[in-house]
Amino acid sequence: MKIFKKLIVLFFLLIIYIYVANITLMPNNIVVIQGDNVKVSKLWGINIKQISTTNPNLKQYDDKIIEEVSNGNENVIENSSENNIQSIEVGKIDLGVSIFDTIPLKNISVSVIPKISVIPLGDSIGMKLYTKGVLVVGMSEIEGNKPYENSGIEEGDRIVRIDNIEITCTDDLVETVNKSKGKELEVKYVKEENDTEMVVNIIPAKTGENEYKLGLWVRDAAAGVGTVTFYEPISGKFASLGHGITDVDTGSLVKIANGELVKAHILSILKGQKGIPGELRGTIDGGTKLGEVYNNTSFGIFGKLENVNNFEISNLNEMEVLARDKIKTGKAQIICEIETGNKKYYDIEIEKIYYGNNSDNKSMLIKVTDKELLEKTGGIIQGMSGSPIIQDGKFVGAVTHVLVNDPTTGYGVFADLMLKEMTKS
């Protein structure tokens, strides 16, 4: 009898565990390309209903399947195991997850983005990013004095204003602090971890004739070489890298005010080896501006092209953006330029696909199989981030990371995540 009771308890604990695991694995955010499906697996008793939308034309969803909406056929059938969402309108849907429609568990945000075609590029480019304010990258004593002490300012924070004077670059800060003649300054800065504005008073330290300092090392710009992923001809916008640019000293994503896309010239290749990441080594041509950069995000760099002719876009074909649920493991290609002026397709394998991942840019596990690329680079190297991934003539994503212990293998980001970020720019 005791054994039977224990088995009953273990059975109920197992059921509870299965339900908790199912709810935990439900994504908090889902990206849907207009007209495509996304499935949310669920167990009996767990209900999903729409609670709000940004677009009144978006279909109302509950625990049913809306089939072939894009074709005008709205046949609704009951299904207790999954929700299949398909929409003909662009916008945002908030879904509420509950038990028997009574106990709320969590919300799921579904973003429906436009179904568009893009032109995959794969060109090596340079980027110059200018921060919002100046980025604090270090601190130092000034003849035993620490003006910044007890101010709360830390590495990664940004100084945006001093005594109601906007600080846009390091020269602004130096000039404003020197003009203070050592008088107390009101410094407004933004905390890196939560974007909260703070105000503090600091008395600068004198270091020489008419020279004063706060004891802070700051930077107002970042630059790098990467790969431009695609161009969207209707809006004129571009996407690149598939990941954001982080500050080399603080490791935080650079919050930019603006930036420039410029030409890059590849000089040499450092071949990747186990434990040693490779690199495309090149120079940035500051005199040839190709476009404006608007946004630096975890899913890439975004902006608008100005000098389209440099990419010879008239000779390239538009491609359909493949929804993530249609991407499959197996053969694919990447487009990249590892020699200046010589852009090519190279073979890869998509080994794993993380369909439910919307939290970071590690959407697909990919492996370089192309003999020529392996001979020249050893696999994926720095500077190839942003190389478009093509499968069956359709654009599916971009290269983002390399596995340091195996340079032939790395990650790619879904195209829909890059498109979602681009629409925000």
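The values are calculated or read from the model by the stated rules, or taken from the named source; none is laboratory data. In this text, all values refer to a predicted model and were calculated from it rather than measured experimentally. Every residue, glycine among them, receives a Cβ derived from its backbone with ideal geometry; neighbour counts consider all protein chains shown.
Scanning region 367-418 for residues that are of a type in the set (A, V, I, L, M, F, W, C), part of a helix (DSSP H, G or I) and buried (at least 24 other Cβ atoms within 10 Å of the Cβ) returns Ala415, Leu417, Met418.
Return the residue satisfying two criteria in turn: it lies in region 372-420 and is of a type in the set (Ser, Thr, Tyr) and farther than 21 Å from Ile30 by Cα, and of such residues it is farthest from the chain's Cα centre (by Cα). I'd like the intermediate steps shown before the answer.
Applying the first criterion (of a type in the set (Ser, Thr, Tyr)) to region 372-420 yields 377, 385, 387, 400, 408-409, 411.
Checking which are farther than 21 Å from Ile30 by Cα leaves us with 377, 385, 387, 408-409.
Numbers: Thr377: 25, Ser385: 12, Ser387: 14, Thr408: 22, Thr409: 20 Å.
The qualifying residue farthest from the chain's Cα centre (by Cα) is Thr377.
Within region 341-366, being under 22 Å from Leu270 (Cβ atoms) and assigned to a loop (DSSP other than H, G, I, E, B) holds for one residue alone: Gly341. Does Asp325 satisfy the condition of being under 23 Å from the mean Cα position of the chain (by Cα), in a helix (DSSP H, G or I) and of a type in the set (D, E, K, R)? It is true that Asp325 is under 23 Å from the mean Cα position of the chain (by Cα), in a helix (DSSP H, G or I) and of a type in the set (D, E, K, R). Here the condition is being in a strand (DSSP E or B) and modelled with pLDDT under 85; of Gly251, Gly224, it holds for Gly224 alone. Of the residues making up region 144-202, just one is touching a residue at least 60 places away in the same chain (Cβ under 8 Å), basic (Lys, Arg) and over 22 Å from Ala222 (Cβ atoms), namely Lys146.
Identify all residues within region 350-361 that are crowded, with 17+ Cβ neighbours inside 10 Å, closer than 21 Å to Thr408 by Cα and not β-branched (Val, Ile, Thr); write none if there are none. Asn361, the sole residue that qualifies.
Within region 285-313, count every residue that is assigned to a strand (DSSP E or B), farther than 15 Å from Ala257 by Cα and among the polar types (S, T, N, Q).
Step one: of region 285-313, the residues assigned to a strand (DSSP E or B) are 285-297, 300-305.
Next cut, farther than 15 Å from Ala257 by Cα only: 285-290, 300, 305.
Those left that are additionally among the polar types (S, T, N, Q): 288.
Looking only at that region, the number is 1.
Of everything in region 227-248 that is within 18 Å of the chain's Cα centre (by Cα) and in a loop (DSSP other than H, G, I, E, B), the residue that is nearest to Cys169 (Cα to Cα) is Asp247.
Report yes if some residue within region 204-218 is under 30 Å from Met364 (Cβ atoms) and at pLDDT below 90; otherwise report no.
At the first step, the residues of region 204-218 found to be under 30 Å from Met364 (Cβ atoms) are none.
For region 204-218, residues under 30 Å from Met364 (Cβ atoms) and at pLDDT below 90: absent.
Every condition in (1) closer than 30 Å to Met319 by Cα; (2) of a type in the set (D, E, K, R); (3) modelled with pLDDT under 85 holds for Asp123 except the one numbered (3). Of everything in region 251-273 that is under 18 Å from the mean Cα position of the chain (by Cα) and within 21 Å of Thr400 (Cβ to Cβ), the residue that is surrounded by the fewest Cβ atoms within 10 Å (Cβ to Cβ) is Gly251.
Test Pro233 against the criterion of being in contact with a helix residue (DSSP H, G or I) (Cβ under 8 Å, 6 or more places away or on another chain), farther than 30 Å from Pro407 by Cα and in the same structural domain as Gln382 (by TED's automatic domain parsing), and give yes or no. Give the derivation first.
Values: in contact with a helix residue (DSSP H, G or I) (Cβ under 8 Å, 6 or more places away or on another chain): yes; farther than 30 Å from Pro407 by Cα: yes; in the same structural domain as Gln382 (by TED's automatic domain parsing): yes.
Here the answer is yes, as Pro233 does meet what is asked.
Scan region 317-345 for residues that are farther than 24 Å from Lys420 by Cβ, surrounded by 14 or more Cβ atoms within 10 Å (Cβ to Cβ) and touching a helix residue (DSSP H, G or I) at 6+ places or on another chain (Cβ under 9 Å) and the total you get is 2.
When Gly152, Gly156 are screened for being part of a loop (DSSP other than H, G, I, E, B), in the same structural domain as Leu173 (by TED's automatic domain parsing), surrounded by 17 or more Cβ atoms within 10 Å (Cβ to Cβ) and among the small types (Gly, Ala, Ser), only Gly156 passes.
Considering region 254-268 alone, what residues qualify as being part of a strand (DSSP E or B) and of a type in the set (A, V, I, L, M, F, W, C)?
Just the residues of region 254-268 that are part of a strand (DSSP E or B), to begin with: 256-268.
Matches in region 254-268: Ile256, Ala257, Leu261, Val262, Ala264, Ile266, Leu267.
So which residues in region 230-246 are surrounded by 24 or more Cβ atoms within 10 Å (Cβ to Cβ) and polar (S, T, N, Q)? Residue satisfying the conditions is Ser240 alone.
For region 296-316, indicate whether the set of residues that are surrounded by 15 or more Cβ atoms within 10 Å (Cβ to Cβ), in contact with a strand residue (DSSP E or B) (Cβ under 7 Å, 6 or more places away or on another chain) and of a type in the set (Asp, Glu) is non-empty. Checked region 296-316: no residue is surrounded by 15 or more Cβ atoms within 10 Å (Cβ to Cβ), in contact with a strand residue (DSSP E or B) (Cβ under 7 Å, 6 or more places away or on another chain) and of a type in the set (Asp, Glu).
Applying the selection to region 204-221, what residues are among the polar types (S, T, N, Q) and outside any loop (DSSP other than H, G, I, E, B)?
Applying the first criterion (among the polar types (S, T, N, Q)) to region 204-221 yields 207, 210.
Scanning region 204-221 gives a single hit, Thr207.
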